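To keep things clear, I will list the structure first and then write my remarks on it.
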Amino acid sequence: MDATTWGVDDIPQLVWPCALPDHLRESTRPDQRILRAVVSMILVRMCSDAKDWVEAGAALGFPPDKSRNWTRYAFAGKWGMKEALLGAAEPMIQALKSQGARHAWGDRPRISGHGQSALQLAQQPHCHLHQASARCPCIWSAEK
């Protein structure tokens with residue numbers, strides 16, 4: 001995999017809502033913000049030498065215990081989402097490579113708090129379906 005054209009600073013704390021498979025975009029159990037954070041951590045592990053979820057989360061400004069717990073929660077067998085989340089990361093590689101502004105997400109807020117409310121202040125790029133001027137994977141895939 002060629003990770004030289006994109007890196008950790010190109011990954012928002014929460015990937016775009018449209019990066020999730022359709023059936024997970026409105027998820028409340030687990031919350032879709034947690035799922036989006038997990039996809040971001042998957043991407044960090046793909047483009048860096050992060051050896052575990054704690055290091056991947058730290059690169060995004062997540063507390064160590066949250067990174068591990070969110071990933072464990074999202075990957076739990078009872079949800080059956082692990083393959084879908086791993087699969088959601090793969091097409092994001094092209095989207096991240098074709099972003100207009102490189103390293104646009106490098107200046108991240110540190111995340112603190114409890115549960116899913118901790119993600120309320122995280123970087124949350126919008127999908128063009130919800131905000132006409134936003135750049136997102138929906139637009140990037142349509143341009144190809």
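Confirm whether residue 96 is open to solvent by less than 40 Å² (accessible area, probe 1.4 Å), in contact with an Asp or Glu (Cβ under 7 Å, 6 or more places away or on another chain), under 19 Å from residue 8 (Cβ atoms) and outside any loop (DSSP other than H, G, I, E, B). Yes. For the stretch 114-144, which positions are surrounded by 11 or more Cβ atoms within 10 Å (Cβ to Cβ), at pLDDT 75 or above and among the small types (Gly, Ala, Ser)? Within the stretch 114-144, 118, 122 qualify.
Annotation: residue 16 fulfils all but one of (1) touching a residue at least 24 places away in the same chain (Cβ under 8 Å); (2) within 22 Å of residue 127 (Cβ to Cβ); (3) open to solvent by 20 Å² or more (accessible area, probe 1.4 Å); the unmet one is (3).
Yes or no, residue by residue, for (1) in contact (Cβ under 8 Å) with a residue 60 or more places away in the chain; (2) surrounded by 23 or more Cβ atoms within 10 Å (Cβ to Cβ):
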| residue | (1), (2) |
| --- | --- |
| 7 | yes, no |
| 11 | yes, yes |
| 21 | yes, no |
| 27 | no, no |
| 31 | yes, no |
| 38 | no, yes |
| 69 | no, no |
| 75 | no, no |
| 79 | no, no |
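Does residue 47 count as at pLDDT below 90 and crowded, with 17+ Cβ neighbours inside 10 Å? Considered against the rule, which asks whether it is at pLDDT below 90 and crowded, with 17+ Cβ neighbours inside 10 Å, residue 47 comes out as no.
This table checks each residue for (1) part of a loop (DSSP other than H, G, I, E, B); (2) of a type in the set (D, E, K, R); (3) more than 22 Å from residue 121 (Cα to Cα).
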site: 33; (1), (2), (3): no, yes, no
site: 36; (1), (2), (3): no, yes, no
site: 56; (1), (2), (3): no, no, no
site: 68; (1), (2), (3): no, yes, no
site: 73; (1), (2), (3): no, no, no
site: 79; (1), (2), (3): yes, no, yes
site: 84; (1), (2), (3): no, no, yes
site: 90; (1), (2), (3): no, yes, yes
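The values are calculated or read from the model by the stated rules, or taken from the named source; none is laboratory data. It should be emphasised that the depicted structure is a prediction, and the values quoted were computed from it without experimental measurement. A quick note on method: Cβ atoms are made from the backbone with ideal geometry, for glycine too, and the neighbour counts reach across all protein chains shown. SASA here: full protein model, heavy atoms, side chains in, ligands and nucleic acids out. Shrake-Rupley method; radii C 1.70, N 1.55, O 1.52, S 1.80 Å.
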